[in-house]
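Engineer: First, the structure itself, so that you have it in front of you.
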Amino acid sequence: MDKLLEIKDLQVTFKTYAATVQAVRGVNLTVNKRETLAIVGESGSGKSVTSKAIMGLIPNPPGKITGGEILFEGTDLTKLSERKMQKYRGNEISMIFQDPMTSLNPTMTIGKQIAEGLRKHQGLSKSEARKRAVQLLDLVGIPNPQVRVKQYPHEFSGGMRQRVVIAIALACNPKLLIADEPTTALDVTIQAQILDLMKDLQAKMDTAIILITHDLGVVANMAHRVAVMYGGKIVETGTVDEIFYRPKHPYTWGLLSSMPKLHTRQSELLAIPGTPPDLANPPKGCPFAARCPHAMKVCTEFMPDYSDVSDTQQVACWLQDERAPKVEPPETIGVGGRTR
Amino acid sequence: MSVVNDNITLDMFQPAQISADESDRISAPSIGFWKDAWLRLRKNKAAVVGLFFIVLIVIMAIVAPMLSKYGIDDQDVVNRQNLYPRIPGLEWLGFDGKDSTGMDTYELNGVKQNFWFGTDELGRDIWVRVWAGTRISLIIALIASIGDCLIGVAYGGISAYYGGLVDNVMQRVIEILAGIPNLVLIILFILWLGGGMTSIILALIISGWIGMARIVRGQVLKLKNQEFVLASRTLGSSDQRIIWKHLIPNVLGQIIITLMFTIPGAIFFEAFLSFIGLGIPAPAASLGSLNQAGFENLQIYPYMALFPALILSILMISFNLLADGLRDAFDPRMRK
Amino acid sequence: MARYIAGRIGYLIITLFIIASFTFLLMQLLPGSPFNSEKLTADQIQILKHEYNLDDPIPIQFIHYIGGMLHGDFGVSFTYDGRPVSDLIVHRIGPSATIGFEAVVFGTIVGLLLGIIAALKRNTYIDYLAMFIAVLGISIPSFVFAGLLQYYIGVKLEWLPIAFWGGFKFHIMPAFSLAVGVIANIARFMRTEMLDVLGQDYIVTATAKGLSKASVIFKHSVRNAMIPIVTILGPMVVGIMTGSLVIEQIFAIPGIGDQFVNSITKRDYPMIMGTTLLFSILFLVVILIVDILYGVIDPRIRLGGGRKS
């Protein structure tokens, strides 16, 4: 498969008044053409920061990419000037955001907001861009696009707004679409519609998608591959089957266990005890050690290396070391617990 | 990137229970609303400087006229008319008692002692008049602001508390009153009541309470329906506790901020009224009347305008800085 | 929308009526009359009173007064040789309107720029400097600025005329003195609004489209931040009116403010009342325009029907 995006040892820090927070600490990722990669993890694990880094949207100050490379078709995006980066944003790489209620400019018509990117990147005239905007609205399933194109965001419902946001993102046929929790703020019934729309458009437009979410149901529905992030690092990657059926990292086990299941009667949801590490003072060793039920002394001292479980699955855990005791994943991960 | 690390020994692969309690601890002790606000205000350098100058000016306004041997209306046109300011140690700044032609006004009149701010055309000591005037201006501003506050809190509170028809009627009244420019209201009232301190204070209150009433009403209405109040009620807090722990601190913060913005407004209006001939009648002095007298003599005796304008400006800046600081300090969103 | 505007105009008329009644009442209550001079005999006063219709019963006078007002007749001045108040106001409005307009335009432009720059450079020394200038502008009364300018630029440096009315050179100092407060208020307001807008998600969306920084700042941020600025137009106009009374006196400008102050000193009540009403009408019309304008430029209000509270 062709590599579209390759992230090598990415590091991002934020300076606050009190401390320097190392939000992303050496992330390696690959996204192939036309595939969907899901990045999962809890709040503060660094998944949103990673996606913003790809877009060059880390606010500086306080944020800064302090190391690593982001290679998009061989070009290192971190080295590009702001002006050159603008040619990628919205053109080669686009992004959709979490909250459609706030991610559209309230005082500009929908049509203008879609047309802006088209005029900038494809040099369309005003009327051409307007025509294309109508087509795009139609494409994302907004009825009556001729009329809607002249309306303002407050005249759209949440789900419809997210469709508009998707239309803006896909306006210039980007090769990569980053979706940062695209359905979190929507009603459950609307969620499914939006996910179906994204899948449908991906097939039509041959776009690769990075899907950032903490909803494993969405992952199972959408993704080809999964990267699990914790404490600013990727702790495990693999195909969706590998992560759901043969997970190796205790954190992945915990994530899967905490997912509610339909076919088993559970009196309560299983939570992972403890809280994520303070990334202003990141732990020396494995970030999950403090919450890991299988933690060993070595875990607190040294960060484990990635070991290959298969061609497609890597995991960073000392349990993979031959010297470590053999630990079986808990039954609560509910193998086969995929929602679809 | 394979690690060849000799430090990793076999015994490190024994399961170890690592306490998670550490990360769960809340790192800072909880701080009360007022203390927190005070701590944040103290960090705001501009506000502290403002507070310092306000305290300094208030002390001078109280003490300076008492310590001087001259009264505010002690005239002497023969011996000490139009003396330029002379401050020992500050001669290099131009406070050397010499006029624009370089003549020493003290030598000409045979005056031995120093008048720090100089004397006016009637030979009155400007130092005494400036501080006594500051006192009058401060008293006017303070009483007017407290008056605003009392009427505004009562009106706004009643309007918000009763709601419904009462609120509706009271708000329509406010809407009509708010349509009358302050300037017009104040001038008409003073024309009616005549000059003097009381009428200035009354005029300022009559035009000033509306802002406070609106803020109090808005705050009370907002807080009444806010989720933390509901949450607190759900948790079984008594009305007393809700009022004292939630409503009062939040509303009081807003009231103090508004009060702090009202005071400089009142000081300005007092000065303004003197300028258009509706201020404190002579021989009493206020910052406004002193400024006005100074400006009349600006081209011949510029020093007469200097000190009243300086004190007035410092006072206004200080109150605004303090008010800005308080606004930031009371804004819970600023809490880190 | 039409209903809303009609309602607002209704309020405007009620407010004006209340102000007019109040001013009329004041004229009756006020001590002293323009004819209290000792040189006049009782008969002469009576004749004068008759001439000015002051011997009618008070309700009749009130009806005359309100009726006259509706025809633009505010009575005659006691001091300016019995000339009609409206004539005098029209005669004097030019200079006041000119410097007021210049101050608003100059102050708004400079204030907006200062606020935008401060917001874009927030928490840098540029921001601190801009906001310090704004605090000075808000705090220091305009007459102090006027005095400083007049003394240093007019008297000492002799760059500009000290006072009086003439060509553009004569406008600069008074208009600038009036503009200082406008600059300060707009700069502070704009900075807050800009910071608010810059923190909105749609700014990230705009950046993520690949728009240039200039596009994001001007098309998305400044445009939206400027909408609420119209709400301070009302207070700004009052500020300019207040300032003009003092500034016109200091710079001896033959405008309405100067005339108003003179009529206060001379207790020329018809003149005071006429000017007062003029100021009130001006203020009310401005806030009415602002409210309508707000609905026009903010699509959320225009099409949503309801108003943001």
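The values are calculated or read from the model by the stated rules, or taken from the named source; none is laboratory data. Because the structure is a prediction, the values reported are computed rather than measured. We place every Cβ from the backbone using ideal geometry, glycine too, and count neighbours over all the protein chains shown. Ligands, DNA and RNA are stripped out before the accessible areas are found, and what is left, the full protein with its side chains, is counted by its heavy atoms. Shrake-Rupley method; radii C 1.70, N 1.55, O 1.52, S 1.80 Å.
Engineer: Which percent, nearest 5, of DSSP beta bridges in the protein assembly as shown are antiparallel?
Structural biologist: Values: 36 of 55 bridges.
Rounded to the nearest five, the antiparallel share is 65 percent.
Engineer: If you place +1 on the Cβ of every Lys and Arg and -1 on the Cβ of every Asp and Glu, how big does the dipole about the Cα centre of the protein assembly as shown come out, in debye to the nearest 20? Each step should come with its number before you reach the end.
Structural biologist: Working: 89 positive and 81 negative charges, 404 e Å.
Value, rounded to 20: 1940 debye.
Engineer: Under the rule a/c < 1.5 gives rounded, and otherwise a/b versus b/c splits prolate from oblate, where does the range A:1-104 land using the Cα gyration tensor?
Structural biologist: rounded
Engineer: Quantify how strongly other chains surround peptide A:98-111 by giving the mean number of their Cβ atoms within 10 Å of each of its Cβ atoms.
Structural biologist: 4
Engineer: Assign one of three labels to chain C, namely rounded, prolate or oblate, based on the Cα gyration tensor with a ≥ b ≥ c the square roots of its eigenvalues; rounded applies when a/c is under 1.5, prolate when it is not and a/b is larger than b/c, and oblate otherwise.
Structural biologist: Oblate.
Engineer: Give the calculated FRET efficiency between B:V58 and B:W92 to the nearest 0.05, with a Förster radius of 35 Å applied to their Cβ-Cβ distance.
Structural biologist: Numbers: r = 29 Å, r/R0 = 0.84.
Between B:V58 and B:W92 the formula returns 0.75.
Engineer: What accessible area per residue, rounded to a whole number of Å², is obtained for chain A using a probe radius of 1.4 Å?
Structural biologist: 43
Engineer: Give the distance, in whole Å, between the Cα centre of the range B:61-83 and the Cα centre of the range C:222-254.
Structural biologist: 39
Engineer: At the nearest 100 Å², what buried accessible area, both sides summed, do you get for C and B when the probe is 1.4 Å?
Structural biologist: About 3500 Å² of accessible surface is lost on pairing.
Engineer: Would you please give the residues with an amide H less than 5 Å from that of A:I209, counting only those at least 5 places away or on a separate chain, with H modeled from the backbone geometry?
Structural biologist: A:E35, A:T36, A:L37, A:L177
Engineer: By Kyte-Doolittle mean hydropathy of at least -0.5 and Cα axial length of at least 30 Å, which whole DSSP H helices of chain B are selected?
Structural biologist: B:45-67, B:126-162, B:197-224, B:248-275, B:303-330
Engineer: Quick one: if the Förster radius is 51 Å, what FRET efficiency do A:S127 and B:I248 give, using the C-beta to C-beta distance and rounding to 0.05?
Structural biologist: Numbers: r = 61 Å, r/R0 = 1.19.
Efficiency for this residue pair is about 0.25.
Engineer: Which of the three applies to the protein assembly as shown, rounded, prolate or oblate, going by the alpha-carbon gyration tensor with a ≥ b ≥ c and a/c under 1.5 meaning rounded?
Structural biologist: Because a/c hits 1.5 or more and a/b exceeds b/c, the protein assembly as shown counts as prolate.
Engineer: Okay, moving on. Quick check: pseudo-label points 7 Å beyond the Cα along Cα→Cβ at B:K222 and C:I109, how many nm apart are they?
Structural biologist: The modelled label-to-label distance comes out at 3.6 nm.
Engineer: Next question. Pop out the carbon and sulfur fraction of the accessible area of the range A:229-339 as a percent, whole number, probe 1.4 Å.
Structural biologist: Carbon and sulfur together cover 53 percent of it.
Engineer: Could the peptides A:212-220, C:141-149, B:51-59, A:235-243 be put in order, highest first, of the mean number of other beta-carbon atoms found within 10 Å of their residues?
Structural biologist: The densest-packed peptide leads the list: C:141-149, A:235-243, A:212-220, B:51-59.
Engineer: So which DSSP H runs in chain A come out at 24 Å plus along the axis (Cα) with average Kyte-Doolittle of at least -1.0?
Structural biologist: Passing helices, by number: A:188-205.
Engineer: Summing both sides, how much accessible area is buried between A and C? Use a 1.4 Å probe and give Å² to the nearest 100.
Structural biologist: Values: alone 16520 and 17570 Å², together 32000 Å².
So the buried area, both faces added, is about 2100 Å².
Engineer: So what is the accessible area of chain C per residue, in Å², with the probe set to 1.4 Å?
Structural biologist: Accessible surface, normalised per residue, equals 48 Å².
Engineer: Restricting to the range A:170-308, what percent of DSSP beta bridges are antiparallel, rounded to 5?
Structural biologist: The antiparallel fraction comes to roughly 55 percent.
Engineer: Cα centroid distance between the range A:95-124 and the range C:136-180, in Å?
Structural biologist: After rounding, the separation between the Cα centres reads 47 Å.
Engineer: Still on this structure, please answer the following. I need the peptides B:84-95, C:179-190 ranked by packing, meaning the mean over residues of other C-beta atoms within 10 angstrom, with the highest value on top.
Structural biologist: Ranking the peptides B:84-95, C:179-190 by packing returns C:179-190, B:84-95.
Engineer: Within 10 Å of each Cβ in peptide A:299-306, how many partner chain Cβ atoms are there on average? Round it to a whole number, please.
Structural biologist: 3
Engineer: To the nearest Å, what is the center-to-center distance of the range A:297-311 and the range B:273-336, using C-alpha atoms only?
Structural biologist: 70
Engineer: Please list, ordered by chain and number, the residues whose modelled amide H lies under 5 Å from the amide H of A:I96; skip anything fewer than 5 residues away on the same chain.
Structural biologist: A:I178, A:A179, A:D180
Engineer: At 20 Å minimum axial length over the Cα atoms and a Kyte-Doolittle cut of 0.0, report the qualifying DSSP H helices in chain C, or say none.
Structural biologist: Length and hydropathy pass: C:2-29, C:85-120, C:125-139, C:168-198, C:233-250, C:269-297.
Engineer: Would you tell me the mean number of C-beta atoms belonging to other protein chains that fall within 10 Å of each C-beta in C:244-251, as a whole number?
Structural biologist: Rounded to a whole number, the mean comes out at 3.
Engineer: Same structure again: Test of understanding: in a Gaussian network model of chain B with alpha carbons linked when under 10 Å, which of B:G218, B:G265, B:G236 would top the mean-square fluctuation ranking?
Structural biologist: B:G236
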